[in-house]
Amino acid sequence: MISDTPAMTAGGMHGLSSVRERTARALLGERPLARLWHQIRHEWQFQRWLVLVEWLLLGGAALASLEEKPGTLADLTLTPAFFLALLITGRSVRADAPCNTDVMSHTRPVGRATVWGAKVLFFTFTLLLPFVVQALPQFRGFSFGAVEWFGVVMGTLLPAAVLGTLTAVLLSHARSMRESTALGFLALVLITGLVVAMANLSDDNDKMLCGAGVAAVMLIFSALTSWWLLSVRTSRCLSLACLLLGGATACALPFAWGWGWDWRQVPRLAYTATPLSLHIGSAPASGGQVLWPSLHLVGLPPDHVASVIALAPVSLEKAPWPPKGVISSDYTSVNTTTGMESQLPRWMTENHTEALAAHYPPGSLWLGYPVDDPRGPSLAGVLKHTLKTEPKAAEKPWRLRVAISRMHRVFSRPLGEAIREPMRVASPTPGCRLDFRLGMLDVPSYGGQILFAGRLEHRFPLLVPEGSHARIRPLGYLPQQNFMAVLHSPALGEVRVGQETEDPSSPDEPAVFFSGHSRRANFTLPHPRAQMDMTGLTLEKWVAESTLDLWWPEEKGTLDLEITAEQMAEALAAENKLRPISR
Amino acid sequence: MNLTLHQFNKEFRYLRPRWLVFLAALLVDLAFNMEWILALNTEGVTMIADMLFSAGLWIIGWWLALSTAPEDEAEGGAAFVRTRPLPRHAFVASRGLVWLLLIMLPMTLEVGLYLTLQHRPWSDVGLGMAEELWATSSMAFWVISAALLFRGWEIYLALVVFLAVWGANYGRTVVDFVFEHLSIESSWRTLPVLEPARFIQAAWWIGPAMVLLLLWHQRHHWHVVKRLSAFALLLLITYGLAASPLVKNPFDEPLEQAQIQQLAQAQPVVMRADSFRFTEGVDDQLRSLLNVSAVAEMDGLPRDVMPFWTSNKTVIRQNGHELPMLPPERTRTSGPGMINLWLFEHSLSGALNAGGPEKILAMNSAPEHGRFPFSRMQIPQDLKTPVDVDMHLTAVWARLRELGRAPLQAGARIHSPEAELEVLEVRKNVGARGEPAPGQVTLLVRQSLRTLSDRHAMWPAQPLLSLHAPGKKLLWQNSMQGGNDWRAMRLGWVQMIMEMTFGEVMNAGTGVTEQNLGSQQLVWIKPDYLGTSRHHVQVRDVSLQGNGSISLGGLHSVTALHQRENPRTRFLAAVRQGRVPLADAPIEEAARYVASVYTASAAYEQRRQQDPPGQLVWPGDDREVADLVAPFLLKHPELVQRLNFVTESALSYEIMNSALVQAGVPGFERRPGQPIYRRTVSLPEWPGATQKFESDLWLTDVGNERITSAVVQMLKTRSDDPMRALLASRVPSLGKAWRDFSARPAGKALRYLCKDPAYREKAGAEVSRQYGGLGLTVRFSDRELRIIIAQALMGDSAALSWALRAIGLSREVNPWEAHALLESHESLFGQKITHRQLAQFIRDCRVWTAESFRYDAEKMLWVPQANQ
């Protein structure tokens, strides 16, 4: 085995130029760091222009990621940057490929380990770290803490490191340019397959994600080890064995991680802050939230709101609860003819607006936009629908499941300020962000409206747990993020609730170790048309006198309340006595 | 042996294994297109398979064409080739033979074999093979040059570049980016496989540049990176050229351009000022704008020939100044490729109506036949002053041709020289996604369409499948397409399978039931592109606010709280809780209070909800609110002119009435129901004679300005003289009635005009003219229905039949249509009906025919026959 330390002495170097003398002196000394630095400089000299182009492309990609719709610019920067990084890696590895007899890697005085180490450091600082840095700006404003930022860094670093080390180790085995090309294509196919597989890992499967994270680390380690074995120990067999073993284990790991440590799992959140109970009949004197005219929830603290997940009979058999197709939920709508259930993009109701009313002057006129069915089905309607599938529903006990949220004011600025510059608001829980700006001050339709163009982004690194508690999944799926825009005009005694675009979220953008989706979140606020027409109030004056607040519901947990059959009958009877609500 | 052939032999020996791979790929491609493997289906990822197989074949073909023997590659191809006794032209020719014999010929034979196996005429087989030869030969310059430009492993890099730019759509991304920034409109909207002629032409144009690149490289020896970059650039240029307006799609050639030119010169285009509409919109930059649409008419057109209008340039002037226009929407382009899209909104039944009084009517074309969007403009400051419009129009002409008919049953077939159709499945009461959908019919059909150049069935317009009910003479022309898949787009006859869902088929009134569904018909209609004509039109005095255009004012905010409570009581409570000023408050303070009342009124607009139509959900009225506001109008009568009559007219009239009652103006009293002015006055000029006045304040034909002025005067003077003067002025002059009628035909106005012989003739001609321009459909705007009614009132029984059919197909409970239908009954039969009787009227119209009535010419009414 050739020693790592150069054997030649200064006396052996005859007739060299001054530059070479200095180089030789540096090489001939036993200073590993100096040799390392020399090799890194050599790598830089060899590839500096390509690296500069790479940095330029990554800079462009970083800028593109900050745009509302990255689109074409992202395609034109990130894709070439990806290929260029592979090219830089390939050229560097090929220049000192241990198996290639055309290069003199075995006899260079700088030492094989130093060459290997320098290349690893060179790739790390010129390719890997800039790639990680370019990915960071797009995650600003999501209320990330240290844990989440760690997840972002690892989520970006691991796939890139996997690609880089695999490319390096495969190309280091090439003995000729032809083999390099073939192995390069093989690397590309493998890498593409890996990336697609990792990007399509369901972010609902925590164990698989954890396994994938460990697999990525294992793959990096085995590829580095394999490369080291080949470059330094010149043992091709050992290198291949290490690579194959590591690769096979890494590929199987995500699927076999069932027994492993699931650090992403977080406990479900049950609401226990205050005791809640149901009141049947007309509104209780102590107040409470109206769920139905004859059913009230008592005991909610201020700013807290209950959303109905389901009101359904409990079956004595061990059938899953809640059953499919409940029409009592605030989160879904059911076509009573076809039975098809669809998720409601907007699940916040008047109850959420009522919770805010205490923060604004009493007697204010609250204005909003029409909703299709503000009242929802009556208790009688719920029972009638349930009887179609559960004929004995009236005789069974019922259960009411509610989700409790607390309304947080996350933004409060004079309207004039919100109009002048783009705004960014983070949700109370990490991972969600609303960016909005003035779209149009005077949309002429419906007497005039202000349109704010907004975008609700959700991004989260999948290698770390999402929050301290699992998000509520009414009926098995995550509800769409809702928020409420409120415009207060104290001079007019009016409070306006904005209307938000009901735009469904885009499908998850496939990304390795990240979940991300976004949707348009435009919202409009009506002008005080009557005041403008009758009193000459100008738009500018109204803007100057108004304040824009954004309220966001923070999940506080779920709660089940049992209702006996007798109580249900009592509630139905009470509903009948109260003024029937026509539709 | 000829040196070229000798070199070809040598190449062939080396390329034989690769050629076998290529032949295998061809066989697999043929098997795929013949559906011997992976049959057409509507599930999963469709259409991608066809593109992948095609792309794979082209990649293998290129790989084969670029492969050269190793001995020809040494030292970059220089050493051995230079010393061989083989002239360069022979070497190049042998490469050409490789392309021709090993790739072009097999691909051409594949097309021939496919068309033969499909039992197509020999002429189609020959044409298909010739077209494939033409398409593949367009790559000759490219592959022969590339084989010499890239040697050894470099060919794989070249293939990667080709795949990235061409196959992976990266090229399209770049081209779109460049076009957008240079403001070039792309002429190509679809996939390369749907418009191959563009790409073939572009490949021919740019191919010689590859030869130049090769010659340059041979002189200056470029590094592989430079060569690949140049190659990629040429590919991008080809892509861009194909997408640009510089390349024409030969399938866009018109069939009867000369005749269309003659027609265009013979018939002037008429655009009436009252047909213009300006509707609010928002562009993708969130700028507010007005969309300008209008109806362009040409008289005497055959029913099966349809022009589709776009504007090349629109200039709109107001008071002599040009108003700023906006560029057209990017998604809206002109050209014959848009015919299918335009036909979605226009009745196809013109192709089927052979004559006779009873027309086939389309069930689901859009109302307002003949209306086209033309341009967009910024919203001007002055919306009241009329504008002058100057338009340079382009008309794309199409003729609707029936390809064939078949019964609506599984297994039914339609066969024509250019297209074939087979119904695989008929699903009743099933929607597009397989969900239960009462009344809908979903078909699974298989189509074969000819894509050869002399008669292309898919371009520029595809055939449209419609359902026809001969019993009721109805046509369902627009279907919702579900899953679909296609094959063999490249091979001359494309095979397609698709799901099509037709809505409202088995609805009440159509005469189609589950039992008789099989006796209905499928009709396949092919739009043929006839040609394009250009026109110049100028229209003066176009109102920016007429014809359903933008309306000023209007509130749209409802209450955000107390939504479950009685909105009527909540409204009153909100008014009482508001900041009520003192009785002697200045006018501005009073105005603020009145404005807050209106804001609260809009918030609680639910109090006016009717369900069923005509019956209030929340009984009551706004009298108490009006009584609270009225004192401020007594103090400041000018406030009346600030009241909102656009969306709160009922409240405004209630307030005015209350103010007049509180002011003690004679004739106004508090009574149940609508406020009414009722007064009997003696006539001084005729002693003993009296004149009785009775009217409500809501005089729709007078105008709010005159009403409010009168009310202000009455409040100031405490006299009702202004009201009587207003009522006296209501009898319109014939001239005014004629002006209003031509813009808004209505039965009552028609009868008024027909009392005068001169206006009778004019009115009749105008009604006939507008009636003739209506689309053959049952879905109308209110205005179009009034035109049909007016024609019926002239004694036209066919028009009466049309009206009855359209009304009979209305949805029984639809408050938005209720007003128009109530008006129709009153106009036709001279009797008012209530909302409660409306559903029965609709049901009766499904049974009634024109023969059920006789025409009373004197009263201009239709009267039921004695036995009805």
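Brief remarks on what is shown
- Once you reduce the range B:242-279 and the range A:153-232 to the center of their Cα atoms, the two points are 58 Å from each other.
- Charge dipole magnitude, Cβ of K and R +1, D and E -1 - the range B:3-250, Cα centre, debye nearest 20: 940 debye
- Folded to 0 to 90 degrees: helix B:704-717 orientation relative to chain B principal axis, Cα: 30 degrees
- For chain B, the alpha carbon positions stretch 131, 68, 56 Å along the principal axes, listed from largest to smallest.
- With Cα atoms defining each centre, the range A:381-421 and the range B:359-437 are spaced 42 Å apart in the structure.
- Note on the range B:567-731: Kirkwood radius taken over Cα pairs, Stokes-Einstein applied at 20 °C and 1.002 mPa s, translational D equal to 128 µm² s⁻¹.
- Furthest towards positive pole of dipole, B:ASN478, B:GLN577, B:VAL178, structure part the protein assembly as shown, Cβ charges: B:VAL178
- This model, with +1 at the C-beta of Lys and Arg and -1 at the C-beta of Asp and Glu, gives the range A:89-241 a dipole about its Cα centre of some 660 debye.
- The amide H of A:LEU295, built 1.01 Å from its N in the peptide plane, has A:GLY281 as neighbours under 5 Å, considering only residues 5 or more places off or on other chains.
- Shielding by partners for peptide A:520-532, expressed as the average number of C-beta atoms from other protein chains within 10 Å of each residue's C-beta, is 4.
- Debye intensity ratio in log₁₀ form over the Cα atoms of the protein assembly as shown, taken at each q of 0.04, 0.05, 0.08 Å⁻¹: -0.36, -0.55, -1.32
- Note: the range B:257-536, Cα convex hull, 166 Å³ per residue.
- The range B:395-520: translational diffusion in µm²/s, Stokes-Einstein, Kirkwood Rh over Cα pairs, 10 °C, 1.306 mPa s: 103 µm²/s
- Only aspartates and glutamates eight or more places from B:LYS10 in sequence, or on another chain, were considered; those with a Cα closer than 20 Å are B:GLU71, B:ASP72, B:GLU73, B:GLU75.
- Signed unit charges on C-beta, dipole axis of the protein assembly as shown, positive-most listed residue A:SER180, A:ALA403, A:TRP292: A:SER180
- Reach of B:LYS832 by Cα under 23 Å, taken over lysines that are not fewer than 8 positions away in the same chain: B:LYS748, B:LYS755, B:LYS859
- Relative to the longest principal axis of the Cα atoms of chain A, the long axis of helix A:565-577 lies at roughly 60 degrees.
- Pairwise inverse Cα distances across the range A:31-259, averaged and inverted, put the Kirkwood hydrodynamic radius at 18.6 Å.
- Over 24 Å (Cα to Cα) - which of A:LYS324/A:LYS388; A:LYS324/A:LYS396; B:LYS248/B:LYS313; A:LYS541/B:LYS384 fall in this group: A:LYS541/B:LYS384
- Pairwise label distance in nanometres, B:ARG769 with A:TYR477, each label 7 Å out on the Cα-Cβ vector: 5.6 nm
- For chain A, a crude dipole built from +1 on the beta carbon of Lys and Arg and -1 on the beta carbon of Asp and Glu, taken about the Cα centre, is about 1880 debye to the nearest 20.
- Debye intensity ratio I(q)/I(0), log10, chain A, q values 0.05, 0.08, 0.11 Å⁻¹ (C-alpha model): -0.34, -0.73, -1.06
- Reduced Cα scattering model of the range A:277-577, Debye log10 I(q)/I(0), q = 0.12, 0.15, 0.16 Å⁻¹: -0.89, -1.24, -1.34
- Selected from A:SER92, A:GLY145, B:GLY240, residue furthest toward positive end of dipole (the protein assembly as shown; charges at beta carbon): A:SER92
- Extension reserve of the A:ALA394-A:GLU570 stretch, reckoned as 0.36 nm per residue once the Cα distance is removed: 62.2 nm
- Between helix B:224-243 and chain B: long-axis angle, C-alpha atoms, 0 to 90°, nearest 10: 40 degrees
- Note on the range B:3-250: along the principal axes its Cα atoms extend 58, 47, 33 Å, ordered by decreasing extent.
Quick note: the coordinates plus some simple rules give every number you see, no bench work behind them. Just so you know, these numbers come straight off a predicted model, no measurement behind them. Heads up, the Cβs are rebuilt from the backbone with ideal geometry, glycines too, and the neighbour counts pull from every protein chain shown.
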